[in-house]
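Trainee: Handing you this structure, nothing more for now.
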Amino acid sequence: MDLKQHIDKTRLPRHVAIIMDGNGRWATQRGKERIFGHENGVEAVRDTVKAAAEIGIQHLTFFAFSTENWCRPHIEVQTLMDLLVEAIRNETQELNDNGVRLHAIGDLDSLPQKCRETLDEAMATTAHNTRLHVTVALSYSARWEIVNAARKIAQKVADRTINPDQVDEELFASAMETADFPDPDLLIRTSGELRLSNFLLWQLAYAELYFTPVYWPDFRKQHLFQAVIDYQRRERRFGKVKAEVLTTKNA
Ligand code: IPE
Ligand code: IPE
Ligand code: MG
């Protein structure tokens with residue numbers, strides 16, 4: 001059954017964020033090294049990007065490497081970085097042909113130089129695209145991002161560019177890595193883990209959370225469609241009661 005036809009195109013999540021998890025377990029199950037799982041995760045990213053473009057999602061964010069992931073064995077970190085360079089090089093042309101714009105968030109200065117250069121090149125090549133914004137979170141942690149935002153704002157106050165009473169939610173959001181994007185409406189995490197692992201803590205305040213036991217390398221279009229269908233069955237109340245949500249929407 002094609003799940004796509006069950007999606008209401010008028011009520012799509014504008015922004016879907018994904019914690020891609022379970023690569024290591026997927027490989028271990030097959031008696032292979034963890035890196036085999038990461039290699040196979042690339043195909044899942046390709047399929048998910050295509051699925052998002054097909055149904056008209058505007059923003060898709062992938063958690064690819066966390067600040068905490070630097071503490072993994074050196075060989076795994078190095079192979080992940082190499083894989084990232086390879087994947088970006090191989091995919092940029094197709095992303096560009098499909099109207100996808102690539103962005104990156106996180107402490108990008110901490111990435112190996114080759115990685116940083118490849119990313120910058122791909123972001124420049126796709127900079128004119130508007131159909132789908134794909135963001136990769138690299139060397140990213142939400143607490144790092146929040147502390148960074150606080151530091152930037154504190155500096156502005158110290159410079160007397162702004163007063164402390166001008167610090168509000170809007171200003172704070174504009175100091176975050178995600179300043180240019182809407183907050184995620186839907187967060188997907190694969191592999192059955194039920195936690196956020198320091199991902200987009202500020203931006204996920206009102207996101208709908210969707211957890212699936214599927215390991216990331218097995219994630220395909222139909223899994224994304226299923227998550228979107230599940231999202232569309234939910235009632236988002238934003239702290240209000242149902243009648244008020246409807247009134248606000250129609251106002
Ligand atoms: C997700 O898979 C990929 C990254 C975090 C880079 P994992 O490598 O975390 O796989 P598991 O969770 O150990 O199975
Ligand atoms: C979260 O997965 C980070 C990424 C998907 C990049 P982890 O596998 O690192 O998270 P924990 O250790 O299970 O919380
Ligand atoms: Mg994991």
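Trainee: Check SER110 against each of (1) touching a Leu at 6+ places or on another chain (Cβ under 7 Å); (2) open to solvent by 20 Å² or more (accessible area, probe 1.4 Å) and name the one condition it does not meet.
Mentor: So the condition that SER110 fails would be (1).
Trainee: Looking at this structure, is ALA137 in a strand (DSSP E or B) and open to solvent by less than 50 Å² (accessible area, probe 1.4 Å)?
Mentor: For ALA137, the condition - in a strand (DSSP E or B) and open to solvent by less than 50 Å² (accessible area, probe 1.4 Å) - is met.
Trainee: Also: Which count do you get for residues in segment 45-104 that are acidic (Asp, Glu), within 16 Å of ligand 1 (Cβ to nearest atom) and farther than 27 Å from LEU204 by Cα?
Mentor: Qualifying residue count, segment 45-104: 3.
Trainee: With the requirement that a residue be surrounded by fewer than 21 Cβ atoms within 10 Å (Cβ to Cβ), touching a His at 6+ places or on another chain (Cβ under 9 Å) and touching a residue at least 60 places away in the same chain (Cβ under 8 Å), what does segment 208-225 give you?
Mentor: VAL214, PHE225
Trainee: Please go through segment 6-26 and give me each residue that is closer than 11 Å to TRP216 by Cα and either hydrophobic (A, V, I, L, M, F, W, C) or away from ligand 2 (no atom under 16 Å from the Cβ) (or both), ordered by number.
Mentor: Selection gives ILE18, ILE19, MET20, TRP26.
Trainee: Which pairs turn up if I take residues in segment 24-49 that are among the charged types (D, E, K, R) and look for partners that are assigned to a helix (DSSP H, G or I) and more than 16 Å from ligand 3 (Cβ to nearest atom) with beta carbon separation below 6 Å, at least 6 apart in sequence or on another chain?
Mentor: Partner pairs satisfying both residue conditions: ASP47/LYS221.
Trainee: Which residues, counting only those in segment 24-46, are touching a Pro at 6+ places or on another chain (Cβ under 6 Å) and either away from ligand 3 (no atom under 13 Å from the Cβ) or over 14 Å from GLU86 (Cα atoms) (or both)?
Mentor: Within segment 24-46, TRP26, GLY37, ASN40, ALA44 qualify.
Trainee: Please determine whether any residue of segment 184-206 is free of Cβ contacts under 8 Å to residues at least 24 places away in the same chain and surrounded by 12 or more Cβ atoms within 10 Å (Cβ to Cβ).
Mentor: no
Here is a yes/no grid of residues against (1) open to solvent by less than 20 Å² (accessible area, probe 1.4 Å); (2) among the polar types (S, T, N, Q); (3) in contact (Cβ under 8 Å) with a residue 40 or more places away in the chain; (4) touching a His at 6+ places or on another chain (Cβ under 9 Å):
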site	(1), (2), (3), (4)
ILE105	yes, no, yes, no
ARG116	no, no, no, no
ASN148	no, yes, no, no
ALA154	no, no, no, no
ASN163	no, yes, no, no
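Trainee: Condition check: within 16 Å of ligand 3 (Cβ to nearest atom), under 30 Å from TRP70 (Cβ atoms) and charged (D, E, K, R). Does ARG189 satisfy that? Reasoning before the result, please.
Mentor: On the way: within 16 Å of ligand 3 (Cβ to nearest atom): yes; under 30 Å from TRP70 (Cβ atoms): yes; charged (D, E, K, R): yes.
In short, yes.
Trainee: Any residue at all in segment 189-208 that is away from ligand 1 (no atom under 16 Å from the Cβ), over 23 Å from ARG46 (Cα atoms), touching a strand residue (DSSP E or B) at 6+ places or on another chain (Cβ under 6 Å) and not hydrophobic (A, V, I, L, M, F, W, C)? Reasoning before the result, please.
Mentor: First, pick out the residues of segment 189-208 that are away from ligand 1 (no atom under 16 Å from the Cβ): 201-208.
When the remaining residues are screened for being over 23 Å from ARG46 (Cα atoms), the result is 201-208.
This time we only want the ones that are touching a strand residue (DSSP E or B) at 6+ places or on another chain (Cβ under 6 Å), so: 204, 207-208.
If we keep only those that are not hydrophobic (A, V, I, L, M, F, W, C) as well, we get 208.
Yes - at least one qualifying residue is present in segment 189-208.
The values are calculated or read from the model by the stated rules, or taken from the named source; none is laboratory data. Predicted model only: the values in this text are computed from it and were never measured. Don't worry about glycine lacking a Cβ; one is built from the backbone with ideal geometry, like all the others, and counts go over all protein chains shown. Ligands, DNA and RNA are stripped out before the accessible areas are found, and what is left, the full protein with its side chains, is counted by its heavy atoms. Shrake-Rupley method; radii C 1.70, N 1.55, O 1.52, S 1.80 Å.
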